[in-house]
Every structure is written in structure tokens, then in C-alpha cells.
Amino acid sequence: MPKITEIEDLKRIYRRRVPKMFFDYCESGSWTEQTFRENSSDFDDIYLRQRVAIDMTGRSLATQMIGQDVSMPLALAPVGMTGMQHADGEIHAARAAGKAGVPYTLSTMSICSIEDVAENTDKPFWLQVYTLKDDEFMQRLFDRAKAAKCSAAVITVDLQMLGQRHKDIKNGLSAPPKLTPASVANMATKVPWGLEMLQTKRRFFGNIVGHAKGVDDPSNLAAWTANAFDQALDWDRIRQFRKMWDGPLIIKGIMDPRDALEACNVGADAIVVSNHGGRQLDGALSSIRALGPILDAVGNRIEVHIDSGIRSGQDVLKAVAMGAKGAWIGRAYIYGLGAMGEQGVSEALRVMRTELDTSMGLCGRTDINSVDRDILMIPKGFSGDWEE
Ligand code: GLV
């Protein structure tokens, strides 16, 4: 196995191994990709305060997210079409997360179904839920999650319609990939990926096909979302979903303190400050810049997590020091999955854990639960102090 010392190593292998249309799907933001870029680069504006001659033995990263024990404050975010990055990708990712002691979140738009993942893993996972118009489908999704013993539902509230990602349109993104001269020419250079994909029967949207009505073309995510997703979504509708699911609930996609306060009234256990990895509203603030004002607004009324832009253990440390109870990673583990399946996800988690642990120690802290803003130097622009 090649020596993996950083997430970028996995990304290089991933790029070589996986068809262009799926690499591009992962590595895109919407429109100009400003938010996608700034989600990561804004972390660089926050500095860590180096301390010395402080006993740093006996460090611990163990903590809790929504009352569940985790080995570090990190979760695997839902990523659509994960099973196209590697055959049976969702199962591989969930297994690696289970072994590492961190939560795995299965996307509604996964290739492996809820049942596939439950049957092939031995740890409970979280289910991400899109807000669809079809009540019957929604209730069945929550019931299926319950039957699969999912330990939380994660309602994504920032995708009433899809932000445009140019490359997906140009590539004719679909699952399984449509055979065009360009896609065939590209896949011909991805033989190991293709051979593994031929050996699995899981190549369609496993939670949708056979479960949702009116799916004309089961390979086309954009067309189906345009029809089925609820553009009229409001907080009353979200409260209806709360009634359909009586387990732990997380609301994902909050970027404004006013929306965070609304989410507190729904009876959720946590919110995720997220702009969907820069894939929805291009021009939105990075989520690390949105985090502080949201934390200030909600106080201790609700647990606050963050995703979008997190590519290193240092990023996790900064988010936790700001006050997040957990940081979710998407692309950082998809790189590992595409590069080398379950082992690659384990490698991504190992890299992030080492970076987090060492950086915490070098800041003079030994317990992740005691990390606070004192280890950070935060410039202006991270506290919501904008012109009206
Ligand atoms: C779906 O969640 C996407 O961002 O593509």
C-alpha cells in the first residue's frame, strides 16, 4: 500500500481510480464555486495558539455527539451516490466508521439501501432524510430507518431545489453511468473500478427505486429531485417530520441564527451548520464563518455541529474549539473510499485522528472536552459583524 500521510494522498489516488463523472460530482460546488473554496480556505484564517512545557501525556479525544459515545468529535456526512465511488461504497464507509468509533450517516440518495447497510454492518448508523412532498414515502423512510435500528435521523433542510453544478450537467451524471462515447472512453481507463462495479448488483439509488412513485428515469438524480423535493417546505412541515420519527433528530443545513432558533423549537437534538459543502447557495458564507453567531444565538438550547470544508484534524480542532460538538466530513472520506474502499476510509480517519490528537497536544490540551476558544486566534469576520 502507498504511504498515506495526508488526505491529499488519498485524493490523488482517488482521482486516478474513479470515473471522471463521479470524481467531478464529489469535487464540485455550485456555480462559481466560491463557497466551496472558501469553506476550506477560511479555516486557514483561524490560527492555533501554540503552548509549551505543559504535560501532554494521557490525551483523550473521546466525547459524545447527541448523547452517543464517539471516539473523536467527527462524523461521516451523508454523500449522495457513494456507491458509485466504489462498489458497495456505503457499506465500506459504514464499516470503517464503525471500527473507528464514529457515526456514519447514510444519504437518502445512496446506492446501497438502508436495508443493505443494516444487513452488512454491525453498528447503528444515522439516516439522512430529504424533505419530499410524498408523505407516504417519507413515513416509510422513517419506518425503514426504525426497522434498521438507525440511531438518528438527519433532516437536510437546504435542498428544496438543487444548486447547479456545471460539471454534472456536462458529464451527464447518472447512476449507473450512461454509456456515451466520452463516458466509455473514460471508464476504459478505470478497469479495477469497473470490474468491482460489475460484481455488485447495487448500481441504482437503492432507497428510491422500488420505494418511490413516479421515478421515470431511476438513474437521473437531478430530474427526480426537481419533481419530488418539496419547494414549499416550512417549519410546520419539519414539525410533521418530527412526529413521524420519535428517535434522535438532527437538522442539517443551518447558516443563519434565525433559522437556528427555529430549529430549537422543532424538538431536534442537534443542528448542523452547513452550506451543503458549497453545493447549494453559491455566495453563501463558509460554514466556519457562520458557526460563531449561531452558537451565540442558541446558547445551550441545542447541540451544534458543523460540516463543509473540513479536510484535516486541525480543521476539526478549530471547529470544536469554536464550540461545535462535532465536525462532519464528506469529501475527506470519499477520497479514501474511492482510492481503496473500506481501507481508504479507515486511512482517512486515521490521518484526521492523528492530526487532531497531535495538534490538540501542541496547543497544550489533553482532553478534547476541555478545548475552547482560548486555543484560537480568530480574526474579525467570524462573529457576524457585517454591515446591516
Ligand atoms: C446531494 O446531496 C448533492 O449535493 O449532490
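Where a number appears in this text, it was derived from the coordinates with a stated rule and is not lab data. What you are looking at is a predicted structure, and each value in this text was computed from that prediction instead of being measured. Don't worry about glycine lacking a Cβ; one is built from the backbone with ideal geometry, like all the others, and counts go over all protein chains shown.
Return the subset of LYS3/LYS170; LYS123/LYS325; LYS133/LYS252; LYS149/LYS243 for which the Cα-Cα distance in this structure is over 27 Å, preserving the input order.
On the way: LYS3/LYS170 35 Å; LYS123/LYS325 21 Å; LYS133/LYS252 18 Å; LYS149/LYS243 17 Å.
Check vs 27 Å cut-off fails for LYS3/LYS170.
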Legend entry - Taking only Cα atoms of the stretch 150-224, radius of gyration then Dmax in Å: 15.1, 44
Legend entry - Translational diffusion coefficient (Stokes-Einstein; Kirkwood radius from C-alpha pairs) of the stretch 62-198 at 20 °C, 1.002 mPa s, in µm²/s: 130
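Figure the gain on full extension for TRP235 and VAL184 (residue separation times 0.36 nm, minus the Cα-Cα span) and round it to one decimal in nm. Intermediate results must be reported in sequence, preceding the final value.
Working: separation 51, 0.36 × 51 = 18.36 nm, distance 4.47 nm.
Length difference between fully extended and current span is 13.9 nm.
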Inset, instruction - Between the alpha-carbon centers of the stretch 32-107 and the stretch 120-169, tell me the distance in whole angstrom. - result: 19
Inset, instruction - Using a 10 Å Cβ count of at most 13 others and DSSP loop calls, identify the longest part of the chain lacking such trypsin sites (Lys or Arg not before Pro). - result: 50-148
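Taking the Cα centre of the chain as the origin, how large is its charge dipole in debye, to the nearest 20, when only Lys and Arg (+1) and Asp and Glu (-1) carry charge on their Cβ atoms? Please report the intermediate quantities before stating the final value.
Details: 46 positive and 50 negative charges, 215 e Å.
About 1040 debye.
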Inset, instruction - Would you mind ranking GLU38, GLU342, GLU196 so that the residue whose beta carbon has the fewest other beta carbons within 10 Å leads the list? - result: GLU196, GLU342, GLU38
Legend entry - FRET E, pair LYS167, ASP374, Förster distance 51 Å, beta-carbon r, rounded to 0.05: 0.75
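Could you state the orientation-averaged shadow area of the convex hull built on the Cα atoms of the stretch 97-142, in nm² to one decimal? Mind showing how you got there, number by number?
Numbers: hull surface 13.7 nm².
Seen from a random direction, the Cα hull of the stretch 97-142 projects 3.4 nm² on average.
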Legend entry - q = 0.11, 0.19, 0.20, 0.21 Å⁻¹: log10 I(q)/I(0) that the Debye formula gives for the stretch 231-387, counting C-alpha atoms only: -0.49, -1.25, -1.31, -1.36
Inset, instruction - Based on alpha-carbon positions alone, could you give the equivalent ellipsoid semi-axes of the stretch 201-292 from the gyration tensor, as √(5λ), descending, whole Å? - result: 27, 19, 13
Inset, instruction - Starting from the alpha-carbon convex hull of the chain, give the projected area averaged over all orientations, in nm². - result: 18.5
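Using the beta-carbon distance between THR366 and GLN64 and R0 = 22 Å, what value does 1/(1 + (r/R0)^6) give for FRET efficiency, to the nearest 0.05?
0.80
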Inset, instruction - Using label points projected 7 Å from each Cα along Cα→Cβ, tell me how many nm separate ASP55 and LYS243, to one decimal. - result: 5.6
